[in-house]
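Below: the structure, in structure tokens.
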Amino acid sequence: MFATVPSPIPARMKGLNRAEICDVNFSEFVKAWNGQADVRPAADEAVLAGSALDARGFRELLESQLISRHLDLMARVLRLQNKVFYTIGSSGHEGNAMVARLTRHTDPAFLHYRSGGFMAERFRKLPGMDPVMDSALSFAASKDDPASGGRHKVWGSKPLWVLPQTSTIASHLPKALGTAIAIEAGRRLGHALPIPDDSIAVCSFGDASANHATAQTAFNAAAWTAYQKLPAPVLFVCEDNGIGISVKTPSGWIGNRFRHMDGLDYFYADGLDLAAGYGDVQRAVEHCRATRRPTFLHLRTNRIMGHAGTDFEIEWRSIDELCRVEAGDPLLRSAAIALESGLMSKDELLALYESIRDRCFAAAEEADRRPKLESLSEVVAPLAPYSPDKVAAEAARADYDARRVEAFGGERKLPERQPPRHLAIQINNALHDIFAKYPETLLFGEDVAQKGGVYTVTKGLQKAFGPRRVFNTLLDETMILGMAQGFANVGLLPIPEIQYLAYFHNACDQIRGEAASLQFFSNNQYANPMVVRIAGLGYQRGFGGHFHNDNSITALRDIPGLVVGCPSRGDDAATMLRTLTALARVDGRVSVFLEPIALYMAKDLYEAGDGGWLTDYPPPGEAMPPGEGRVYGEGHDDLVIFTYGNGVPMSLRAAREIERAHGWKCRVVDLRWLVPLNESYIREQAASARRILIVDEGRHSAGVGEGVITAIIEGGFGARPFKRVVGVDTYTPLAGAAFMVIPGEQDIVAAAAELAG
């Protein structure tokens with residue numbers, strides 16, 4: 001029989017610090033121990049009879065648990081001295097150290113914030129690493145923090161394959177599953193993975209987060225994958241502490257929900273008892289690695305000391321309930337195992353406990369002395385890396401002649417030898433070129449394979465490059481973008497397609513909160529290079545409603561570090577795609593290629609049959625520098641029209657009418673790059689303008705035009721007469737009514753007339 005854990009020290013006053021109580025509980029428990037110790041087990045013997053955990057492993061896991069606990073206690077103390085800036089702790093979850101011990105340091109790990117025990121244990125995998133000092137630097141927001149460079153308290157390590165993140169509501173689950181899928185896909189493609197071929201992806205989260213829509217997306221996609229017998233070796237670790245901040249999880253909910261879920265192989269382990277739980281964790285890990293199936297590990301945990309330092313549980317939980325929770329402290333159970341097994345004496349255990357406390361506080365004091373981020377340039381340095389010369393060279397690199405000739409079916413069929421074509425065909429040609437240039441490229445989404453996309457833009461790609469590189473996905477934008485991150489994590493180059501711009505809103509956080517933030521929060525140690533193709537904008541005829549004529553560009557413009565290009569014609573599309581791909585390859589950038597649907601098939605500009613919007617295909621050595629616009633009517637200064645996308649051919653037609661009506665020479669500036677806006681280029685074009693029009697198909701209060709106006713005014717050219725022609729703040733209706741809420745050619749002509757007045 002194991003000794004009974006005594007009740008914690010009685011607490012009758014609301015002012016008592018629960019962290020101090022938990023700290024004292026451990027020491028008092030050890031001192032009060034009066035059980036009979038067995039013979040001290042040898043290092044390779046079971047720590048307790050029947051346990052799968054040997055004495056050496058237990059001793060190291062115990063140390064990892066204590067490191068995690070004392071980091072929490074240190075944070076609570078030093079936060080009051082303004083030396084630590086994060087107090088969401090891991091107390092009660094220290095059993096996740098077992099998952100770290102039983103997985104490899106090359107198994108990519110996507111962790112939630114209660115992962116101190118996991119991190120302390122994974123640090124053992126490589127010599128010379130110090131989990132205490134690294135964690136202290138992170139707590140102190142020092143720029144010496146090896147995970148984020150002082151930008152956030154994140155669990156992360158480049159050598160240990162723990163990808164830093166700030167996910168708090170399970171938004172990391174799709175990319176964890178995506179990474180598992182990518183491991184298998186990369187192997188099948190013959191791609192040299194940066195990790196062993198039999199690696200698994202590890203993903204931890206809480207019981208409350210398991211209910212989130214993003215988590216459910218990942219579970220569903222995992223089951224969808226397993227149903228088709230496609231390998232996806234992800235270990236979902238649900239650390240069930242029974243509560244989310246203050247909202248309790250219904251008793252038995254997680255087990256009931258996931259035990260019988262088709263496509264997820266369920267395992268349960270007691271994370272509060274190392275001796276009892278170790279074998280069950282081991283079975284789950286080995287099952288995932290051997291079967292390559294999605295595996296759900298339901299790990300029992302506890303949460304003591306509250307959600308964070310600002311969570312005063314005594315205000316909303318009774319003393320009796322708090323005492324019961326604290327009596328379930330996994331460190332008390334580990335202390336009992338150490339003493340009962342005879343592995344450690346009371347004095348040895350207390351000495352270890354205090355030595356780790358001293359080590360954590362010493363590291364924190366040292367971390368407080370280390371330099372902090374002190375300038376804006378330091379803060380944003382990893383957000384949007386850009387190597388112009390290298391990107392230009394990579395975009396123009398054309399050393400793959402044999403592969404492209406094969407892809408296009410012969411020399412005579414090369415696109416640059418064909419007559420001028422419309423936008424959709426030239427995007428298709430550019431994608432064939434990119435696939436020939438980069439064997440690691442993948443394109444995937446809804447309907448992109450056999451059908452070739454809703455608008456046939458990807459037609460023939462699967463036939464040319466095979467179903468392993470061009471494939472359909474389930475209808476789930478969140479998972480499409482999660483998979484893109486997974487493929488990027490293992491060195492592949494993903495080009496995911498989001499079928500319509502409005503569909504992106506369902507999954508925006510996979511780019512805003514996850515993919516585009518990774519370079520920033522990892523201090524540019526990790527990146528998610530990808531080019532996201534999105535068909536969008538308005539002006540479709542005969543097909544519509546706001547889901548298919550969506551002009552909400554602001555959702556993209558608000559994402560730090562993102563690059564957004566929007567071509568209006570075929571040759572620009574090809575040279576822009578080359579540059580976006582080079583940005584991904586060279587600088588790890590996340591970008592969006594926004595394709596105006598209404599211009600896909602456009603052939604004419606002024607009159608039917610004039611072919612004015614058909615373009616030649618630019619040979620592969622040509623690329624478009626980021627931020628560079630296209631000018632129609634160079635040197636014409638009477639009226640300068642700034643626009644993009646559908647607005648370009650509309651403005652050109654309107655300009656001809658304006659010239660006839662007012663005798664003005666008009667210049668039309670196609671911005672082409674919408675994020676970031678090239679403010680210096682805009683000012684250069686505005687400098688000589690006598691009048692300015694901004695034609696923006698976005699909404700009145702949330703488009704691109706505001707950025708153009710700001711650049712002009714801040715450049716000192718605000719005195720020029722100018723007007724904005726812009727969409728209305730409304731959803732887009734169906735049929736002809738749609739054209740009442742977005743700018744038209746006559747709106748541009750009318751605005752010019754007002755300027756003339």
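The values are calculated or read from the model by the stated rules, or taken from the named source; none is laboratory data. The shown structure was predicted, so the numbers you read here are calculated from the model rather than taken from an experiment. All Cβ positions, even for glycine, are placed from backbone atoms using ideal geometry, and neighbour counts span all protein chains on display.
Restricting the first member to region 199-212 and to residues that are without any contact (Cβ under 8 Å) to a residue 12 or more places away in the chain, and the second to residues that are surrounded by 22 or more Cβ atoms within 10 Å (Cβ to Cβ), the beta-carbon pairs closer than 9 Å and six or more apart or on different chains are 211/170. Scanning region 440-488 for residues that are out of contact with any strand residue (DSSP E or B) (no Cβ under 9 Å at 6 or more places or on another chain) and not hydroxyl-bearing (Ser, Thr, Tyr) returns 452, 459, 460, 466, 467, 474, 475, 476, 479, 482.
Of all residues in region 361-391, those that are in contact with an Asp or Glu (Cβ under 9 Å, 6 or more places away or on another chain), surrounded by 15 or more Cβ atoms within 10 Å (Cβ to Cβ) and either without any contact (Cβ under 8 Å) to a residue 40 or more places away in the chain or farther than 30 Å from residue 584 by Cα (or both) total 3.
Considering only residues that are among the hydrophobic types (A, V, I, L, M, F, W, C) and out of contact with any Asp or Glu (no Cβ under 9 Å at 6 or more places or on another chain), look in region 78-87 and name the one that is surrounded by the most Cβ atoms within 10 Å (Cβ to Cβ).
Filtering region 78-87 for residues among the hydrophobic types (A, V, I, L, M, F, W, C) gives 78, 80, 84-85.
In the following step, the residues that additionally are out of contact with any Asp or Glu (no Cβ under 9 Å at 6 or more places or on another chain) were identified as 80, 85.
Values: 80: 10, 85: 15.
My answer is 85.
Of all the strands (runs of 3 or more DSSP E) wholly in region 438-518, which have at least 2 residues that are under 17 Å from the mean Cα position of the chain (by Cα) and not aromatic (Phe, Trp, Tyr)? Correct list: 493-498. Taking region 603-648 as the range and being closer than 17 Å to residue 751 by Cβ and not in a loop (DSSP other than H, G, I, E, B) as the test, the residues that pass are 639, 640, 641, 642, 643, 647, 648.
Being out of contact with any His (no Cβ under 8 Å at 6 or more places or on another chain) and free of Cβ contacts under 8 Å to residues at least 40 places away in the same chain is true for just one of 280, 311. Which residue is that?
Working: 311 fails: free of Cβ contacts under 8 Å to residues at least 40 places away in the same chain.
The conditions single out 280.
For residue 60, the conditions (1) surrounded by fewer than 18 Cβ atoms within 10 Å (Cβ to Cβ); (2) more than 18 Å from residue 275 (Cα to Cα); (3) in contact (Cβ under 8 Å) with a residue 24 or more places away in the chain all hold with the exception of (2). Hey, can you tell me all the residues within region 246-303 that are part of a helix (DSSP H, G or I), more than 28 Å from the chain's Cα centre (by Cα) and within 23 Å of residue 174 (Cβ to Cβ)? Hit for region 246-303 is 253, nothing else.
Filter region 25-57 down to the residues that are part of a helix (DSSP H, G or I) and either aromatic (Phe, Trp, Tyr) or over 18 Å from residue 277 (Cα atoms) (or both) and list them by number. Within region 25-57, 25, 26, 27, 28, 29, 30, 31 meet the criteria. Considering (1) in contact with a strand residue (DSSP E or B) (Cβ under 7 Å, 6 or more places away or on another chain); (2) surrounded by fewer than 22 Cβ atoms within 10 Å (Cβ to Cβ); (3) of a type in the set (Asp, Glu), the lone condition that residue 607 does not fulfil carries the number (1). Which members of region 167-194 meet the condition of being in contact with a helix residue (DSSP H, G or I) (Cβ under 6 Å, 6 or more places away or on another chain) and among the hydroxyl-bearing types (Ser, Thr, Tyr)? The answer is 171, 179.
For region 657-710, name all the residues that are in a helix (DSSP H, G or I) and closer than 23 Å to residue 738 by Cα. Explain how you work it out, then say what you get.
To start, the set of residues in region 657-710 that are in a helix (DSSP H, G or I) comprises 657-662, 679-687, 705-710.
Answer for region 657-710, where residues must be in a helix (DSSP H, G or I) and closer than 23 Å to residue 738 by Cα: 705, 706.
The rows are residues; the columns are (1) of a type in the set (Phe, Trp, Tyr); (2) within 30 Å of residue 526 (Cα to Cα).
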residue	(1), (2)
583	no, yes
587	no, yes
593	yes, yes
602	no, no
613	yes, no
633	no, no
675	no, yes
682	no, no
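Can you tell me which residues in region 343-355 are more than 25 Å from residue 46 (Cβ to Cβ) and in contact (Cβ under 8 Å) with a residue 60 or more places away in the chain? Give the steps one after another, and end with the answer.
Pass one, region 343-355, residues more than 25 Å from residue 46 (Cβ to Cβ): 354-355.
Of everything in region 343-355, nothing turns out to be more than 25 Å from residue 46 (Cβ to Cβ) and in contact (Cβ under 8 Å) with a residue 60 or more places away in the chain.
Scanning region 731-748 for residues that are over 20 Å from residue 708 (Cβ atoms) and surrounded by 13 or more Cβ atoms within 10 Å (Cβ to Cβ), which turns out farthest from the chain's Cα centre (by Cα)? Across region 731-748, the extreme among qualifying residues is 739.
Identify, please: which residue in region 311-322 is in contact with a Ser or Thr (Cβ under 9 Å, 6 or more places away or on another chain) and at pLDDT 80 or above and is, among those, nearest to residue 77 (Cα to Cα)?
Within region 311-322, the first condition is being in contact with a Ser or Thr (Cβ under 9 Å, 6 or more places away or on another chain), and the residues that meet it are 311, 313, 316-317.
When the remaining residues are screened for being at pLDDT 80 or above, the result is 313, 316-317.
On the way: 313: 17, 316: 23, 317: 23 Å.
Among those that are in contact with a Ser or Thr (Cβ under 9 Å, 6 or more places away or on another chain) and at pLDDT 80 or above, it is 313.
Of the residues examined, residue 724 is one that is in contact with a strand residue (DSSP E or B) (Cβ under 6 Å, 6 or more places away or on another chain) and closer than 26 Å to residue 660 by Cα.
Table: residues versus (1) hydrophobic (A, V, I, L, M, F, W, C); (2) crowded, with 24+ Cβ neighbours inside 10 Å; (3) touching a Cys at 6+ places or on another chain (Cβ under 6 Å).
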residue: 488; (1), (2), (3): yes, yes, no
residue: 495; (1), (2), (3): yes, yes, no
residue: 503; (1), (2), (3): no, no, no
residue: 515; (1), (2), (3): yes, yes, no
residue: 530; (1), (2), (3): yes, yes, no
residue: 548; (1), (2), (3): no, no, no
residue: 559; (1), (2), (3): yes, no, no
residue: 563; (1), (2), (3): yes, yes, no
residue: 572; (1), (2), (3): no, no, no
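Residues in region 91-114 that are surrounded by fewer than 24 Cβ atoms within 10 Å (Cβ to Cβ) and under 17 Å from residue 206 (Cβ atoms): 113 only. Checking 286, 365 one by one, the residue that is out of contact with any Leu (no Cβ under 6 Å at 6 or more places or on another chain), closer than 27 Å to residue 19 by Cβ and either in the same structural domain as residue 134 (by TED's automatic domain parsing) or not β-branched (Val, Ile, Thr) (or both) is 365 and no other. Only one of the numbered conditions (1) on the phi > 0 side of the Ramachandran plot; (2) surrounded by fewer than 24 Cβ atoms within 10 Å (Cβ to Cβ) is violated by residue 645, and that is (2).
Collect the residues in region 359-384 that are more than 17 Å from residue 85 (Cα to Cα) and outside any helix (DSSP H, G or I), keeping them in residue-number order.
So the first thing to find is which residues in region 359-384 are more than 17 Å from residue 85 (Cα to Cα), and the list is 359, 375-378, 380-384.
Hits for region 359-384 are 375, 381, 382, 383, 384.
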